[in-house]
Every structure is written in structure tokens, then in C-alpha cells.
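Q: Here it is: the structure, laid out below.
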Amino acid sequence: MHHEPESGSSTSGKSKWTYFEPVQVTEKGVAVIRINCPGKMNTVSDTMRAEVERLWKADVESNASIKAVVFISSKPDNFIAGADINMIKSTPNKADLKRVCMEGHDTFDVIAKRGIPTVAAINGACLGGGLEWALHCDYRIATTSKKTVLGLPEVKLGLLPGWGGTQLLRPLVGLQAALDMMLTGKNIRPDRALKMGLVNETVDPASLERVAIQAAAELAAGTLKPVRRAKPLAQRLIEDTPAGRAVVWKKVTETVAKNTGGHYPSPPAIVDCVRHGYGAPTKRAALEYEAQKFSEMAATPQSAALIGLFDGTTALKKNPFGAPARRVETVAVLGAGLMGAGIAQVSCEKGLRVLLKDRDAASVSKGIKYISDNQAAKLKKRRATKFDTDLALSRVVPLADDDTLWQRSFAQADLVIEAVPENLDLKHRVIQQAEQYLPEHCVFATNTSALPIADIAKASTRPQNVIGMHYFSPVPMMPLLEVIPHAGTAKEACAAAMQVGTRQGKTAIVVKDVPGFYVNRCLGPFLVEACALVEAGVGLEKLDKAIKAYGLPVGPLTSADEVGMDVAHHVQAFLAAADLGERMGGSDAGIMREMVGKGMLGRKAGKGFYVYEGKKGKRINPEALAMAKGIVKQDLKLSTQEIQDRAISRFVNEAVMCLQDGIISSPVDGDIGAVFGIGFPPFLGGPFRMLDQRGAAAYADMMRGFAERFGPQFEPCQLLQDMAASGKKFHS
Ligand SMILES: C/C=C/C(=O)SCCNC(=O)CCNC(=O)[C@H](O)C(C)(C)COP(=O)(O)OP(=O)(O)OC[C@H]1O[C@@H](n2cnc3c(N)ncnc32)[C@H](O)[C@@H]1OP(=O)(O)O
């Protein structure tokens, strides 16, 4: 689409508004309303919404020369990032949010009443209430900037699109695409948004304002008519007939039930709102229903938990050590196995130069293949462009020990991440070998899940530069990073490691240098309890199902099979020998030891607790079942709730113990670590949020009851007892 530029805007000086620039009116009568909320992001609060209505009434409504309006942002990287989450959180009576939503509609009614076309000129994040703002407009133009994303992510906060999203999106993109967007909360990039009919045009960022003004003028003149994407016949048959829609409702209801396990109320509420829209007597009635449901969702503990995780993730984007004096540009990764290649991938994708080194060309090639295969997959799924993937790969320099090129290249490294196997001697050797060629300032990070960082640092001539960076596997998928300074690590090294982790897209928490760090330390007692439960007569399948039903992605037995029985057993044995004392009691995990001895190492060996039969899937391993039956001490006939509480309380108590001992520095870190590290149910918000919601006193009582019945490993730690006695909450 071609638009002629228009010149000669008039402006009215310094803004009298808090959230908007002064309205500019062009010669052809296009009013440009620039959104400029205080702070980094534009968000829609009740006060911002009220102000746009005042602005409209003061500067637009009675100005007859205005023929069309463009809404545009003054911020470099966001249009509107949604409703103000702080407003949602701080509304004490969530029922009041219905009024907030409905007043939003009143404002858009005021705007619509003037009868002039409105254009949303979108650059950067256009999310949630921000996209709903754009949906209320007559025309949407998005820039092709990498920063431009459109989406309705409310579901990720346990909410639903409450400013018309469940009603206004469907007519543009179709029922199925609308449901997909709202139920996944995924970001839509501009090219996709154009294809699906979400926006009318895409433009280069430099042209956005000019094109938007021109489009507005043409809409006003009637020379431009917004075209709705035509639906193919098959889509019409499904979406536009009651019989077709019945199929959609059935399918979507089943998918929602399967994906949420019944733990999340907002996805079914979204489906309900969309469905309600078809039968509602008026558009207003449908919007009122949606607003009612929005306020109900905002009052759920699940929403509070998910918003808590959003806040925690946002807070952790800020480096607690401040920006390092020297920005890391080149990262050397030692070891091109699964871990090393994953670390190299997330680094090169985010613009870091990577020196990937392994023993020989064959080993390093495997790592390169891993990265290039993943890039090809991203390209295929359109998660990246050819240019992005080519650029990422071009940043990786493959290096091998048998070619001295690595020695010269290492002189450029700012930070090394070693990911060689877990063997102290080997780690010492690689540190000493690398240090000969590394510059003085280079930080040396070690990716270990078990070895003390202080011990690894002993081999270094610059121990102040040594730090732990514990990634989780598979690195490109897992969002968490534990950053572990030892007692002698310099602040500058901590700052650099945190900055690199955040740049790699990880949420990084700082953890003390103790056995298991945080996540594995909490997993230890949980794994032991899984074995103890088998000894208490809980069937293998029942155990896995009970923990999955609690909301973890998989049960402990599947988890042991996936990470490998040898690895799981090693973690358990290592922690049993460490400083956790009685807290690792309850079982000696003999079943795992025996399974390792028999080569039942889990998925990688084709059998563990389950037998893996290729396409046929998996079934309980009869050999493991026989072993399990053989170790039952007394069948206690535990209920599902008892199984869940016994296993989860061991994890939770250890998490609180970590806070008590300063291994983690806050409940926020503890919650994020548990949710992002092991998949602790997000709808519970993490162990600390869960304790706040369930009540520390009730939880401590339950654990004391278990301690009496099953042993001292259930004794609640001091901090949990203190919180129980004081009635205080971990999160204020
Ligand atoms: C009925 C309608 C309901 C809704 O609309 S619910 C809200 C739906 N919207 C969202 O869920 C989007 C939330 N925001 C984000 O996902 C990210 O942010 C962005 C992708 C937009 C940008 O990410 P990045 O560039 O990394 O910035 P950053 O550090 O996350 O945020 C900078 C500051 O902006 C605040 N912020 C962002 N979005 C909102 C929001 N919707 N309400 C209130 N504050 C918001 C953050 O907290 C932080 O603040 P600080 O600098 O003080 O730490």
C-alpha cells in the first residue's frame, strides 16, 4: 500500500497531560495522540484511561477540523505493554475491576461516537490491554521492527483479556486463531500479524508516523477501506456454523482440560467468554460478561501466584551487582557436549561472540551441528529469519585442542564457561590450560551441578575471577540459571556472570556455594522421599500420577528416568553424604542404587522405572515393579493427598531451610528457582507463595504430624516454625 506524505503538523507546546503529549493536528485534520506514560513502559491504568477521555473531550471532540485520529507511542520500544499490572494487584476488592473494565468501554464509546476513523500506529510491545486498545481502533499499522510484538498474554497472569479482547479479536483473525492467541498468550510478530489479519499494514519503523497519518486521512476521505481477511471455505464451515463451532468447543475444552490439569481457571473462562459472545443479546452484554469474568479471575490465588512470578522475573532482570565495568562481548565455551553446545547456542543467539572449544574437530563439530540443527528448526517454525539464524551461527568460532588457533583466540575472551564432565581433576586441568592464554580480566565460570566452586577455584591463579554458572538441561529450553560466587569471588566477576546470564535470556538467581546449590539441594530430600514412598507401599505408577496431579510436569520416577538413574542416584548419594543430615533420611534410595547396578539407567538405556518402546511410548518396567514390591516395608495405603504432601513438603522444607541459611537471598529467588528449575507448579507461585496461601502454621502442623508418624526427616525447619508462630508471610 502506498501513501503520499503529508506535511505541516501543528503542535500546541508543552503537555498539560500526564500520560500523553500535546495533541498535534495536521493540515489535513489528522490528530496525532502520542502516548507517553511516565516511566519506561506505556501501560493503561484507570487514571490513564480517564485522562484519554478528558483529552478527547478537551482537544478532539469539539474540534471540527479533526477528521481522523492516530494513536502512537513516544516510547522507543513499546506501544502499550498492557493494563497496569500494579493497578490490578493493588485493587483490594477485585470486583471493582469490573467497573474499571466497563469504564474503559465507556471511553471507547465516547471516542467512537465522534464518528471519525482511528488508527493504531504500533511500534514495540503491543500486549494485553494495549492490543485491545488497538482492536478498538478502525485500522492497525505495525512496524517490522524486531521489538514489535502483538499478543494477549493475560492468560499467563491467570487473567483474561478484559477490555474486549475475547469479543473483538475473533472477527479479525477467526475463531480458532483468536482462541489460540488468548489461550497460549503467545507473541505474534508483525509479518504473521499481517497474514492473519490482526494488522492492516506493516511498515518500516522510520515511516510509521507518516504512513499512519496518511492512512488516517485516506480513511476519513473514504479512499482507503480496511479490508478484512477473507476466510477460506473450510474455515467458514467450521467457524460460522453452529455444528462446526460445536466441534471447536468440544476440541478446545478437551485441550484446555488436558493442558491445565484443571489447575488454571482462566483458560476455561476465556473459552466461556468467547462462546458467550455468540449468544449475547448485545455487544455491551458480551463485554459486561467478559469484564465480570476478568474481575473474578483477578481474585483467584492462581492469578496472584502468576503475577508474583512475573514480578519476580522482572525484578531479576536487574543486576544486583550493577553493570560490570567491562561489558562481556566474547564468551569461550569449553566442551561442546549437550551442555556446552546449549550454552553456546543461547549466547550466539543473543549477540555474543562464542569461542567453542573441545578436544578435537569431531567433538566440536557435534556441538556445531547441535546449534545449526536447532537454528534450522527455528527457521522452519518461523521463530527466526534466515538472516537471524545465519548471523547467530556466524558468531561461533569452532576450536579444537589439536590446533593452536584456540590459544590465540582465547586472548579475546571476556568470560569462559566450562562445561566439561563433572570431575574435579579434569576441571582443574581445563582451568589451568585455559588460563595460560586468557587475558587478566577474563572471568572463569564453571558449569557444575555438584562440585564446590571454591574447590574448583583452587586450581586458578586468579580465584577472584572464578564463579559457578549452573545451567539446566536442555539449556535452550530451561529458563533458570544459578550463579554461584565462592567466598573469594570478586564483585566484578559476579556482575559479569549475571549480565551474561540475563543476556542469554535466563532468569538468574544468586546462590551460595553449598552442596547442591539451591535447586538440587531441594530435590535431594524430595527424591529420597519418592523412594521412601515406594517402601511405604505406594505403587510406581500411583506415585508418578500423584505428583503430576499436584501440578509438576512429571512425577519423580519419570524425572529420574529422564535425567538418567545414574545422575539422579549420584545427586542423592552426594547430598546424603553432605551437610543435610536427617533431612536426607527416610530411605537409603536402595532401589535406585540397584537399578544403576543393573543398567536400568532410564530413557537413555531404554529402561528404568519405565520401559521405552519407541513409538509405542512407555510402560512401567516389570523388573522395576518387582524390585519395588520387594522393598515394601509396610503398605500404609497412603491417599493421593498424603503422597503429595509427604513428597512436596520435603522439597518445601528444604527451600525454607535454604532461605534460613542464606543460601538464597529472598523468597522471590526461592520461588523462581523452584518454578523455573524443576517446574514447581506455577499456579502455586513457588514454595514460599504456596506457604503464604496455605498458611505456614497449618503446613508446619502437617509436617509435625508426619514427623511423629514417619520420622524426624519431616521436622519443619526453624524458619518455618518461626513463620508459623508469628503468622507472618514470606511475601509482603
Ligand atoms: C484487561 C487487560 C489486562 C492486561 O493487559 S494484563 C497485562 C498484560 N501485559 C503483559 O502481561 C505484558 C507484561 N510486560 C512484559 O511482558 C514485558 O515487560 C515487556 C515484554 C513488555 C518488556 O520487557 P522488557 O523490555 O524486558 O522490560 P521489563 O524489564 O519487563 O519491564 C520494564 C518495566 O515495565 C514494567 N511493566 C511492563 N509491563 C507492565 C505492565 N503491563 N504493567 C505494569 N508494569 C509493567 C515492568 O514491571 C518494569 O518495571 P520496573 O522497571 O519498575 O522494574
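Q: Report yes if Leu405 is at pLDDT 95 or above and surrounded by 13 or more Cβ atoms within 10 Å (Cβ to Cβ), otherwise no.
A: On the way: at pLDDT 95 or above: no; surrounded by 13 or more Cβ atoms within 10 Å (Cβ to Cβ): yes.
So Leu405 does not fit the description; no.
Q: Separate question: Would you point out the residue of the stretch 193-239, among those that are of a type in the set (D, E, K, R) and surrounded by fewer than 17 Cβ atoms within 10 Å (Cβ to Cβ), that is nearest to Arg383 (Cα to Cα)? Break it down stepwise before answering.
A: Start the filter on the stretch 193-239 by keeping residues that are of a type in the set (D, E, K, R), which leaves 195, 201, 204, 209-210, 218, 225, 228-229, 231, 236, 239.
Filter once more, so that each one left must be surrounded by fewer than 17 Cβ atoms within 10 Å (Cβ to Cβ): 195, 204, 210, 225, 228-229, 231, 236.
On the way: Lys195: 15, Asp204: 20, Arg210: 29, Lys225: 32, Arg228: 26, Arg229: 23, Lys231: 25, Arg236: 28 Å.
The residue in question is Lys195.
Q: Before we move on, is Ala112 small (Gly, Ala, Ser), within 15 Å of the ligand (Cβ to nearest atom) and either farther than 24 Å from Leu183 by Cβ or surrounded by 17 or more Cβ atoms within 10 Å (Cβ to Cβ) (or both)? Reasoning before the result, please.
A: Numbers: small (Gly, Ala, Ser): yes; within 15 Å of the ligand (Cβ to nearest atom): no; either farther than 24 Å from Leu183 by Cβ or surrounded by 17 or more Cβ atoms within 10 Å (Cβ to Cβ) (or both): yes.
It is false that Ala112 is small (Gly, Ala, Ser), within 15 Å of the ligand (Cβ to nearest atom) and either farther than 24 Å from Leu183 by Cβ or surrounded by 17 or more Cβ atoms within 10 Å (Cβ to Cβ) (or both).
Q: What helices (runs of 4 or more DSSP H), lying completely within the stretch 646-719, carry at least 3 residues that are among the small types (Gly, Ala, Ser) and touching a residue at least 60 places away in the same chain (Cβ under 8 Å)?
A: On the way: elements: 667-678, 687-694, 696-710.
In the stretch 646-719, the matching helices (runs of 4 or more DSSP H) lie at 667-678.
Q: Within the stretch 120-171, track down each residue that is hydrophobic (A, V, I, L, M, F, W, C), more than 12 Å from the ligand (Cβ to nearest atom), part of a loop (DSSP other than H, G, I, E, B) and touching a residue at least 60 places away in the same chain (Cβ under 8 Å).
A: Scanning the stretch 120-171 gives a single hit, Cys137.
Q: Determine which member of the set Val44, Val30 is at pLDDT 95 or above and more than 16 Å from the ligand (Cβ to nearest atom). Spell out the reasoning first.
A: Details: Val44 fails: more than 16 Å from the ligand (Cβ to nearest atom).
Just one listed residue meets the conditions, Val30.
Q: Could you grab me the full set of residues in the stretch 253-264 that are in contact with a helix residue (DSSP H, G or I) (Cβ under 6 Å, 6 or more places away or on another chain) and either in a helix (DSSP H, G or I) or crowded, with 19+ Cβ neighbours inside 10 Å (or both)?
A: Keep residues of the stretch 253-264 that are in contact with a helix residue (DSSP H, G or I) (Cβ under 6 Å, 6 or more places away or on another chain), which gives 256, 260, 263-264.
Answer for the stretch 253-264, where residues must be in contact with a helix residue (DSSP H, G or I) (Cβ under 6 Å, 6 or more places away or on another chain) and either in a helix (DSSP H, G or I) or crowded, with 19+ Cβ neighbours inside 10 Å (or both): Val256, Thr260, Tyr264.
Q: Only one of these is in contact with a Leu (Cβ under 6 Å, 6 or more places away or on another chain), farther than 22 Å from Ala568 by Cβ and of a type in the set (A, V, I, L, M): Ala434, Ala508. Name it. Give the steps one after another, and end with the answer.
A: Values: Ala434 fails: in contact with a Leu (Cβ under 6 Å, 6 or more places away or on another chain).
Answer to the check: Ala508.
Okay, residues lined up against (1) at pLDDT 95 or above; (2) out of contact with any Ser or Thr (no Cβ under 9 Å at 6 or more places or on another chain):
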| site | (1), (2) |
| --- | --- |
| Met48 | yes, no |
| Arg54 | yes, yes |
| Ser62 | no, yes |
| Ala81 | yes, no |
| Ile88 | yes, no |
| Lys98 | yes, no |
| Met102 | yes, yes |
| Glu132 | yes, yes |
| Thr143 | yes, no |
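Q: Also, I was wondering about something else. For the stretch 461-468, does any single residue satisfy the condition of being more than 15 Å from Ala490 (Cβ to Cβ) and either in contact (Cβ under 8 Å) with a residue 24 or more places away in the chain or in a helix (DSSP H, G or I) (or both)? Before you say what the answer is, go through the steps one by one.
A: Residues of the stretch 461-468 that are more than 15 Å from Ala490 (Cβ to Cβ), as a first pass: none.
No - not one qualifying residue is present in the stretch 461-468.
A quick yes/no check of all residues on (1) surrounded by fewer than 18 Cβ atoms within 10 Å (Cβ to Cβ); (2) part of a helix (DSSP H, G or I); (3) within 16 Å of the ligand (Cβ to nearest atom); (4) more than 31 Å from the chain's Cα centre (by Cα):
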| residue | (1), (2), (3), (4) |
| --- | --- |
| Arg54 | yes, yes, no, yes |
| Lys57 | yes, yes, no, yes |
| Ala64 | yes, no, no, yes |
| Lys75 | no, no, yes, no |
| Lys89 | yes, yes, yes, no |
| Cys101 | no, yes, yes, no |
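Q: Checking Leu306 against (1) away from the ligand (no atom under 15 Å from the Cβ); (2) in a helix (DSSP H, G or I), which test does it fail?
A: Unmet condition: (1).
Q: Further, regarding this structure: Within 20 Å of the chain's Cα centre (by Cα), in contact (Cβ under 8 Å) with a residue 40 or more places away in the chain and surrounded by 22 or more Cβ atoms within 10 Å (Cβ to Cβ) - does that describe any residue in the stretch 331-344? Break it down stepwise before answering.
A: In the first step, residues of the stretch 331-344 are kept if they are within 20 Å of the chain's Cα centre (by Cα); the result is 342-343.
This time we only want the ones that are in contact (Cβ under 8 Å) with a residue 40 or more places away in the chain, so: 342-343.
Cutting the leftovers down to surrounded by 22 or more Cβ atoms within 10 Å (Cβ to Cβ) gives us 342-343.
Yes, some residue in the stretch 331-344 is within 20 Å of the chain's Cα centre (by Cα), in contact (Cβ under 8 Å) with a residue 40 or more places away in the chain and surrounded by 22 or more Cβ atoms within 10 Å (Cβ to Cβ).
The values are calculated or read from the model by the stated rules, or taken from the named source; none is laboratory data. In this text the structure is predicted, and so the values were computed from the model without any measurement. Backbone-built Cβ (ideal geometry, glycine too); neighbour counts: all protein chains shown.
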